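> Let me begin by handing over the structure; questions about it come next.
The values are calculated or read from the model by the stated rules, or taken from the named source; none is laboratory data. These numbers come from a predicted model, not from an experiment. A quick note on method: Cβ atoms are made from the backbone with ideal geometry, for glycine too, and the neighbour counts reach across all protein chains shown. Side chains are part of the model used for accessible areas, which takes the heavy atoms of the whole protein and leaves out ligands, DNA and RNA. Shrake-Rupley method; radii C 1.70, N 1.55, O 1.52, S 1.80 Å.
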Amino acid sequence: RGLCARGMDAAAASQRMQRLAAALPALESLDHDVRTLVILADESEVACATTTATLPERVTVASHFALRPLLRALRRERRFRVVAASLQRVATYAGDPHGLTPIEVPGLPDHLEEALGEQIVGGVLSFHSDRPVPGRANAPVFHGHGGANAGRSLDRERWLRIVAGALRDAWGNDAVPIVIAAEVRTASELRRRLGLPHVIDGEVGGPADEGTPSELHARAWPLVCEAWAAERRALAEEFERSRAHGKSAQDIDEIVRLAVAGRVRRLWVEERAAIPGRIDEAAGDRVAIRDRGEDALDALVSLVLRRRGEICVTDDGATPDGSACCAELR
């Protein structure tokens with residue numbers, strides 16, 4: 001459980017939350033894997049967010065929201081997708097750190113025969129299999145005949161084009177990472193045909209049409225983790241380039257002034273660091289007040305988000321320059 005109330009003292013926040021309690025979701029209505037409920041409230045409204053991460057109980061009463069724990073948890077729970085593709089079976093999944101869930105993609109054929117129908121020229125499909133496929137009573141098996149190699153190659157190319165087109169239409173306009181589970185040649189060709197920057201380059205071992213979703217998740221998850229780690233390294237390199245060109249800031253007061261002016265493109269901030277103070281947006285600077293429990297870093301995070309900046313929350317000492325916060329500038 002977490003509570004962040006803005007613009008109220010402790011007594012007023014307590015009374016307000018009692019009145020708003022009826023508007024909160026019932027705990028029994030939440031998904032079974034929800035571990036933390038975050039409540040954000042001010043004088044006029046309340047908003048809730050959930051996460052499967054277990055966050056420590058915390059109540060913050062301040063003139064701004066304490067968003068760093070939530071931002072960090074949501075980043076850790078980032079979603080990805082998996083395509084398991086073979087001529088006999090095409091399946092798609094939504095994934096997170098905890099597992100895979102089957103999803104439907106409009107226009108995506110289940111297998112080659114569905115994709116090509118009577119236009120198959122290089123072979124036939126019959127509905128039997130020497131090995132069962134989880135979730136399917138009958139998995140179609142592709143058979144070729146005699147000198148049909150050229151025809152089978154043409155069928156395969158047309159199948160790849162149809163599969164890639166359906167996936168691109170459904171997933172091409174967002175940045176959710178995609179893992180392709182297929183034999184090496186098929187995976188390589190499907191990546192090329194998709195042409196999407198968020199397709200993860202890497203091999204998922206094992207046949208694409210075997211294994212349970214949990215087994216497929218275990219094979220795909222290391223690739224996803226490495227892709228996110230590479231993304232974070234690339235962001236750190238961007239900071240170094242910005243610093244080399246004089247487009248960075250490390251001093252908290254300078255960062256505040258730049259944030260008020262809307263010039264902070266990306267703020268790096270430690271999750272547990274605290275700098276006493278509040279931000280006077282009218283004056284464009286930080287005002288130190290050490291007797292009210294205000295945290296200038298939490299206020300700075302809210303300010304940068306309102307100015308459409310990006311927030312990277314890190315462990316202690318893990319910002320690019322090792323300080324409590326630093327910023328890349330527009």
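> Write down the percent of antiparallel bridges among all DSSP beta bridges whose residues are both part of region 177-330, to the nearest 5.
Of all bridge pairs located within region 177-330, approximately 65 percent are antiparallel.
> Could you pull out every residue, at least 5 positions away or on a different chain, whose amide H is within less than 5 Å of the one on Thr314? Hs are placed 1.01 Å off N in the peptide plane, and Pro or chain starts have none.
Under 5 Å from the amide H of Thr314: Val269, Glu270, Glu271.
> Please find the FRET efficiency linking Arg58 to Arg232, where r is the Cβ-Cβ separation and R0 is fixed at 35 Å, and quote it to the nearest 0.05. Show your work: numbers first, answer last.
Working: r = 25 Å, r/R0 = 0.72.
Once the sixth-power term is evaluated, E becomes 0.90.
> Can you work out the accessible area per residue across region 254-317, with the rest of the protein chains kept in place, probe 1.4 Å, in square angstrom? Walk me through the numbers before you get to the answer.
Numbers: 3020 Å² over 64 residues.
Normalised by residue count, the accessible surface of region 254-317 is 47 Å².
> Can you pull the one-decimal nm distance between simple spin-label points at Val287 and Ile103, each 7 Å off the Cα toward Cβ?
With each label point 7 Å from Cα toward Cβ, the separation is 4.6 nm.
> May I pose another question? Can you order the peptides 216-224, 69-77 by their average number of other Cβ atoms within 10 Å per residue, highest first?
Descending mean neighbour count gives 216-224, 69-77.
> I've got another one for you. Calculate what fraction, in whole %, of the accessible area of region 221-330 sits on carbon and sulfur atoms when a 1.4 Å probe is rolled over the protein chains.
Answer for region 221-330 is 48 percent, counting heavy atoms of protein chains only.
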